[in-house]
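The structure under discussion appears below in the form of structure tokens.
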Amino acid sequence: MKIFNRKQALHTYLDELRSQGKTIGFVPTMGALHAGHLSLIEQAQQKADIIVCSIFVNPTQFNDKKDLENYPRPVEDDIKKLESIKCDLLFIPEVEEMYNSSDKWSMELDNLDNILEGKIRPGHYQGVTQIVKKLFDIIKPDFAFFGQKDYQQFMVISYMVKKLRIKVILVLCPIVREKDGLAMSSRNIYLSPQDRQNSLALFHALSKFRDLYKSKSISQLKTEITSFLKSAPGIEMEYFEIFNAKSFESATSKRPGSIIALVAAKVGSIRIIDNMIIEK
Ligand code: PAF
């Protein structure tokens with residue numbers, strides 16, 4: 001695997017590959033790679049000739065300084081994992097390579113950045129779009145791969161791509177779960193054994209939602225699953241919402257198309273998010 005720290009060197013290298021007719025698949029990450037990330041790389045390998053993974057803990061998307069400082073950075077392990085699945089290129093820049101003091105970014109995101117995660121983490125999606133746009137400009141991927149666990153992020157990036165007319169095909173990849181159902185996340189390593197057990201309430205709530213879906217109305221589902229989450233031990237529910245998966249607006253009925261249930265909770269000091277899509 002070739003490793004780049006400099007954007008210009010990567011850009012030039014990729015230009016050469018493109019001129020040979022190769023397609024580029026891109027998997028942006030913040031590192032601390034787990035099987036969910038590796039599944040994105042594997043899906044990218046099915047679709048594109050050359051796979052670029054980036055590892056960059058993006059400061060502008062953290063609204064909590066402590067969270068940024070504590071974010072895991074096991075770089076050597078990450079490199080080994082990427083090599084073991086034959087990722088072609090890794091881009092791992094320093095903060096100064098991606099940002100300078102004159103950087104400004106503010107993008108209208110059609111209110112997508114003011115709801116759910118955006119409401120709890122003000123400025124988060126401004127930071128995400130800022131860095132993803134920078135990375136897209138450097139890498140110019142044909143395809144970019146994102147995990148369904150951050151479904152709202154996928155909706156935000158889809159909106160940006162459409163609005164700025166960026167030529168890239170975005171691919172949404174399924175959530176990868178631990179054997180007992182917990183959605184994989186780089187932050188899971190910080191859960192104490194008891195919190196790890198308590199965190200299963202999120203997957204259980206979504207499974208309950210899926211099982212009851214046919215027999216209950218949207219408002220009955222909302223009430224029942226919310227009360228299940230509120231009474232689950234050791235977790236503090238932040239939201240449970242049922243949205244239209246396409247418009248990403250609150251669903252009032254099952255009619256319009258696919259439905260997504262989204263949940264966020266604090267388990268100990270760690271925030272956990274998860275979701276489940278019911279296809280039409
Ligand atoms: O999903 C993530 O890991 C990050 O938000 C991303 C897309 C790499 C941007 O920093």
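The values are calculated or read from the model by the stated rules, or taken from the named source; none is laboratory data. Just so it is clear, the model here is predicted, and its values are computed rather than measured. Note: ideal-geometry Cβ built from the backbone for every residue, glycine included; neighbour counts use all protein chains shown. Calculation scope for accessible area: heavy atoms of the full protein, side chains included, ligands and nucleic acids excluded. Shrake-Rupley method; radii C 1.70, N 1.55, O 1.52, S 1.80 Å.
Selection of the range 101-119 for residues being at pLDDT below 95 and either within 20 Å of residue 246 (Cα to Cα) or β-branched (Val, Ile, Thr) (or both) yields an empty set.
Looking across the range 52-74, not a single residue is surrounded by 14 or more Cβ atoms within 10 Å (Cβ to Cβ), more than 18 Å from the chain's Cα centre (by Cα) and either among the β-branched types (Val, Ile, Thr) or at pLDDT below 95 (or both). For the residues 134, 149, the requirement of being of a type outside the set (Phe, Trp, Tyr), part of a helix (DSSP H, G or I) and within 16 Å of the chain's Cα centre (by Cα) singles out 149. Selection of the range 1-54 for residues being small (Gly, Ala, Ser) and in contact with a strand residue (DSSP E or B) (Cβ under 8 Å, 6 or more places away or on another chain) yields 25, 31, 36, 39, 44, 48, 54.
Of all the numbered requirements in (1) under 22 Å from residue 247 (Cβ atoms); (2) away from the ligand (no atom under 16 Å from the Cβ); (3) among the aliphatic types (A, V, I, L, M), residue 85 misses one, and that requirement is (1).
Once the range 153-185 is narrowed to residues that are within 11 Å of the chain's Cα centre (by Cα) and in a helix (DSSP H, G or I), the residue that is nearest to the ligand (Cβ to nearest atom) is 153.
Selection of the range 92-136 for residues being among the polar types (S, T, N, Q) and more than 16 Å from the ligand (Cβ to nearest atom) yields 100, 101, 102, 106, 111, 114.
Residues in the range 11-29 that are open to solvent by less than 40 Å² (accessible area, probe 1.4 Å) and not β-branched (Val, Ile, Thr) were compared, and the one that is farthest from the ligand (Cβ to nearest atom) is 17.
Residue pairs whose Cβ atoms lie under 8 Å apart, separated by 6 or more positions or on different chains, with the first residue in the range 80-105 and surrounded by fewer than 17 Cβ atoms within 10 Å (Cβ to Cβ) and the second part of a loop (DSSP other than H, G, I, E, B) and aliphatic (A, V, I, L, M), are 83/1; 86/1.
Taking residue 4 as the residue in question, decide whether it is among the aromatic types (Phe, Trp, Tyr), surrounded by 13 or more Cβ atoms within 10 Å (Cβ to Cβ) and more than 10 Å from the ligand (Cβ to nearest atom). Judged against the criteria, residue 4 is a match. Note on the range 36-72: residues that are of a type outside the set (Asp, Glu), within 16 Å of the ligand (Cβ to nearest atom) and more than 16 Å from residue 86 (Cβ to Cβ) amount to 15. Inspect the range 123-130 for any residue being touching a helix residue (DSSP H, G or I) at 6+ places or on another chain (Cβ under 6 Å), in a loop (DSSP other than H, G, I, E, B) and either free of Cβ contacts under 8 Å to residues at least 40 places away in the same chain or under 17 Å from residue 60 (Cβ atoms) (or both) and give the result as yes or no. Within the range 123-130, none of the residues are touching a helix residue (DSSP H, G or I) at 6+ places or on another chain (Cβ under 6 Å), in a loop (DSSP other than H, G, I, E, B) and either free of Cβ contacts under 8 Å to residues at least 40 places away in the same chain or under 17 Å from residue 60 (Cβ atoms) (or both).
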